[in-house]
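Can you keep this structure in mind? I'll have questions shortly.
The values are calculated or read from the model by the stated rules, or taken from the named source; none is laboratory data. These figures come from a predicted structure and were not determined experimentally. Neighbour counts run over all protein chains shown; Cβ positions are idealised from the backbone, glycine included. Each accessible area value is taken on the protein alone, full model and side chains, heavy atoms only, with ligands, DNA and RNA left out. Shrake-Rupley method; radii C 1.70, N 1.55, O 1.52, S 1.80 Å.
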Amino acid sequence: MDVEGGGDGAPPRRWSSWGWQKGTLLLAYQSFGVVYGDLCISPVYVYKNTFSGKLRLHEEDEEILGVLSLVFWSLTLIPLFKYIILVLGADDNGEGGTFALYSLLCRNSKMGLLNNMHANHGSLSAYNKEEPCKESRNSMLIKNFFEKHYSLRVMLLLFVLMGTSMVIGDGVLTPTMSVLAAVSGLRIKFPELHENYTVLLACVVLIGLFALQHYGTRRVGFLFAPILLSWLTCIGGIGIYNIIKWNPSVIRALSPYYIYNFFRKAGKDGWSSLGGIVLCLTGAEAMFADLGHFSKLSLRLGFTIVVYPCLVLAYMGEAAYLSKHREDLQSSFYKALPDRVFWPVLFIATLATAVGSQAIISATFSIISQCRALGCFPRIKVVHTSSHVHGQIYIPEVNWVLMCLCLAVTIGFRDTEMIGNAYGLAVILVMSATTCLMFLVITTVWNRSVVWAAFFTVGFGSMELLYLSACLARAPQGGWLPLLLSLVTLLVMSTWHYGTAKKQQYEVQNKVCLDHFLGLSSGIGLVRVPGVGFVYSSTTNGVPPMFAHFVTNFPAFHRVLIFVSLQTLTVPKVSREERFLVGRIGPPANRLFRCIVRYGYKEGRWDHFNFENQLLMKVVEFLRHQGGSGRSTSGENEMSVIPASSSSAGSLQHAAATPSSCEIDAGSGSGGAFCRRKVRFDDGEEEEEDPGPPEWGKAEVKELMQEKEAGVSYMIGHTCVFAHESSSAVKKFAINVVYGFLRRNSRRPAVVLGIPHTSLIEVGMAYRV
């Protein structure tokens, strides 16, 4: 139950053909300022890091052309074929990243753990968007295998969290590596310049980069896009110049034969150099993770038409220069620049490093937002910076933590070679995680043959394992850093998920049945006070233990009581027509209601005042449908889907003034007519019902409006979770120490929900799990 401020969002507009093309081109333009910068800044340091080890002993044309051939085919096979053509097609309703792949698996099977934390939402149209197709025998076998073995599902979640942690680690290493490599070009013209000055300049650039993040992806994209386009123009043009001037025959290195020749001559030293060549792939995973900020077509257009050709020309031009100037291997990029353009290119390169860092920073924001929404990251503030693209966000706490870590790595390492060793390992681990998850997506979500899935996994996985082995060999020289960062992040995410799951499990097991609660209420002389009370909890049926505890100690509550459960589902977005489920608890005389509000993990949220009015308006519509006959739903677990409608304060006043009106405000998801659907949460079945002639509950609606005028209060649990006395030492450490520390230092639920402090009732409870 985690909500942030923001708008509920208007329904998507229908674009004309020209409007759609214009929107795609605009997104493609913005993507240059956000997505590709990390990939495009790589030519600054790839050759330097590749020839920094034992490969220095092999500086002949065959080795230089072999490195160029490896770079070309790596760029072609992984960023172009794997990500742009194949992996982008595995989006989760427009969202990308490791968690998006996992949410696909959760929604299409019982392989995930996240879909078990809430009730069955099979009636939701977002769960049934894909056209039904015959499930293959192999797909069923894989699903059944995971469903039967709980330990495999736990390992799968930990594997996903590990991949996610590596992306977050990239958010520390990418800005550090890019900025430090760019400003080190000053030492080409000023060899006597002390490295302390380049480190200081890098720190200033990093601080400025993170200070710009609060303006949002859209503004940052428009600001950075011209910089990156200028950078691509420079490196592409200089690449052509160097090819023509120094060695036009480098074009023959596009043949894979030179890869074979490279390993034949360099041997083990050639394998070790793969830890530097992998740096040409940095940013490929960010393209997929940043998909929610843009669209598949806009990313494909930008990469294939502009980014890929310019990168190939840049690497070829640098190789052509090196073939005639082998003594410049450690500073080849800046030495290959013509003197007349050195300073403009150095200036643009410094600015482009900020763009390069933007790609992974935006991806880090997206992935942490997904983890937070799905209960795998502590409660933090998420600011939605665009009213048009719901995936464009800014997270202040994460932004400043990343900045501090980047500054610490820059000051501590100082050397791009050691940072490069750490950087390459983080990049290749994330790619390997995506490859493994794609095997499950291809077989269980796309229902394709295992042969095709194995072809994808073995083909790309064997390349990535080769790079991974070379990067692991460099672990003592800086490669330990991403492992440490990912381990800490994995500990935080897994512990938070475990503690949250145990807390929700306790609430479900200790909820109070309705009959027992009503009997308890009559026995203690319960008093109903004027007003409307909203009780927030994660339970979807029964009475939450927090509220039963409150009533036992203070036997009074409001005349109208609405139990509210806010749930984030494993879909990026829930349609407004299916957002609210409203039902009655017990006889109509009790005036008890339950409202379940469903959100996708990438959606913007509301401001609290409008949300309160929305909830009350949904109850009004529910009462209108039921009429004044006293007819209630057939069971507590049966609820009605209330379609979208305007829910402002004005519409509530209209409902109070004309309770017998049979019109629902314009904007209703059913065209102005109320359409009820029953949803059972115990078995997930759904049935349509014709409500018959409308009979409006005048008295109930009028009473609801009167109670609202009397006052509104909000009740929420303030829980402390402790491990049971008989628990193991590991569980006690995880729950009492780590989870307790995270809960105390994360945002309070009432703050997240935006509940007014003067109207808040917090009920303290201690859970022994």
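Counting residues in segment 287-430 as N, plug N into 2.2 N^0.38 Å and put the Cα Rg over that result.
1.29
Spin-label point model (7 Å from Cα, Cβ direction): what's the Leu491 to Lys698 distance in nm?
Taking the two extended label points, one gets 6.7 nm.
Right, next: Compute the orientation-averaged projected area for segment 132-209 from the convex hull of its Cα atoms and round it to one decimal in nm².
10.0 nm²
Could you give the length gained by full extension between Ile188 and Tyr257, i.e. 0.36 nm per residue of separation minus their alpha carbon distance, to one decimal place?
Taking Ile188 through Tyr257 to full extension adds about 21.4 nm, to one decimal.
Each residue of segment 294-303 in order: what ³J(HN,Hα) in whole Hz does its phi give by Karplus 6.51 cos²θ - 1.76 cosθ + 1.60, θ = phi - 60°, with x for Gly and Pro?
Each residue's phi maps through the Karplus curve to give 9, 9, 4, 5, 5, 5, 5, 5, x, 6 Hz.
Using modelled amide H (1.01 Å from N, peptide plane; none on Pro or chain starts), what sits under 5 Å from the amide H of Val721, excluding residues fewer than 5 places away?
The list, which skips near neighbours in sequence, is Tyr767.
Cross-link candidates for Lys731: which lysines have Cα within less than 22 Å, leaving aside residues fewer than 8 places away along the same chain?
List returned: Lys502, Lys503.
Next question. If packing is taken as the average number of other Cβ atoms within 10 Å across a peptide's residues, how do 308-321, 280-293 rank, most packed first? Walk me through the numbers on the way to the answer.
Details: 308-321: 23.7, 280-293: 28.8.
Highest mean packing first, the order is 280-293, 308-321.
Which order do Met155, Met177 take by accessible area at a 1.4 Å probe, largest first?
Largest accessible area first, the residues go Met155, Met177.
Which part of segment 258-291 falls in the paramagnetic zone of Glu62, meaning amide N under 12 Å from the point 7 Å along Cα-to-beta-carbon?
258-267
Count charges around Val721 for me, please; just the other residues with Cβ under 10 Å from its Cβ, Lys/Arg as +1, Asp/Glu as -1. Walk me through the intermediate numbers first.
Numbers: positive: Lys502, Lys503, Arg743, Arg768; negative: none.
Spelling it out: positives minus negatives among the neighbours equals +4.
With a/c under 1.5 counting as rounded, go ahead and sort segment 469-510 into rounded, prolate or oblate using the C-alpha gyration tensor (a ≥ b ≥ c being the square roots of the eigenvalues; past the cut-off, prolate if a/b is larger than b/c, else oblate).
Taking the square roots of the gyration eigenvalues as a ≥ b ≥ c, segment 469-510 is prolate.
Using a 1.4 angstrom probe with every protein chain in place, what is the largest-first accessible-area order of Lys708, Lys189, Lys268?
Lys268, Lys189, Lys708
What relative contact order, as a whole-number percentage, does segment 409-561 give when Cα pairs under 8 Å and 6 or more residues apart are counted? Before the final figure, lay out each step's value.
Details: 124 pairs, mean separation 32.8, N = 153.
Result for segment 409-561 is 21 percent.
I need the shape label for segment 173-312. Rule: rounded when a/c is under 1.5, else prolate if a/b > b/c, else oblate, with a, b, c from the alpha carbon gyration tensor.
oblate
What distance in nm lies between label points placed 7 Å from Cα along the C-beta direction at Ser727 and His214?
3.8 nm
Rule-of-thumb check for segment 241-308: C-alpha Rg over 2.2 N^0.38 Å? Walk me through the intermediate numbers first.
Numbers: Rg = 16.8 Å, N = 68, 2.2 N^0.38 = 10.9 Å.
So segment 241-308 has a normalised radius of gyration of 1.54.
Can you give me the solvent accessible area of His516 with a 1.4 Å probe, rounded to the nearest 10 Å²?
110 Å²
What ratio of Cα Rg to 2.2 N^0.38 Å holds for segment 394-459?
Numbers: Rg = 18.3 Å, N = 66, 2.2 N^0.38 = 10.8 Å.
Relative to the rule-of-thumb radius for its length, segment 394-459 sits at 1.69.
Hey, can you grab everything whose amide H is under 5 Å from the amide H of Phe563? Only 5+ residues off in sequence or another chain; H modelled, so Pro and N-termini drop out.
Val535, Phe593, Arg594, Cys595
Want the number for Arg528 to Ile244: 0.36 nm per residue separation, take away the alpha-carbon distance, what's left?
Here the segment from Arg528 to Ile244 would lengthen by 93.5 nm.
While we're here: Here is the link list: Lys189/Lys268; Lys143/Lys296; Lys48/Lys268; Lys602/Lys708; Lys48/Lys82. Which ones come out longer than 30 Å on Cα distance?
On the way: Lys189/Lys268 35 Å; Lys143/Lys296 28 Å; Lys48/Lys268 19 Å; Lys602/Lys708 32 Å; Lys48/Lys82 26 Å.
Among Lys189/Lys268; Lys143/Lys296; Lys48/Lys268; Lys602/Lys708; Lys48/Lys82, the Cα-Cα distance tops 30 Å for Lys189/Lys268; Lys602/Lys708.
Between Leu484 and Arg748, what length comes free when the chain is fully extended (0.36 nm per residue of separation minus the Cα-Cα distance, one decimal in nm)? Don't jump to the answer; show the numbers that get you there.
Values: separation 264, 0.36 × 264 = 95.04 nm, distance 2.86 nm.
Residue separation times 0.36 nm, minus the Cα-Cα distance, leaves 92.2 nm.
Can you tell me which of 473-480, 353-360, 432-439 comes out highest on packing, and rank the rest after it, using the mean Cβ neighbours within 10 Å?
Ranked from most to least packed, the peptides come out as 353-360, 432-439, 473-480.
Continuing with this model, one more query. What order, most packed first, do the peptides 581-589, 728-736, 563-571 have when packing is the mean number of other Cβ atoms within 10 Å of each residue?
In decreasing order of mean packing, 581-589, 728-736, 563-571 become 563-571, 581-589, 728-736.
Let me ask something else about it. State whether segment 714-755 is rounded, prolate or oblate according to the following rule on the C-alpha gyration tensor (a ≥ b ≥ c being the square roots of its eigenvalues): a/c under 1.5 gives rounded; otherwise a/b larger than b/c gives prolate, and the remaining case gives oblate.
Oblate.
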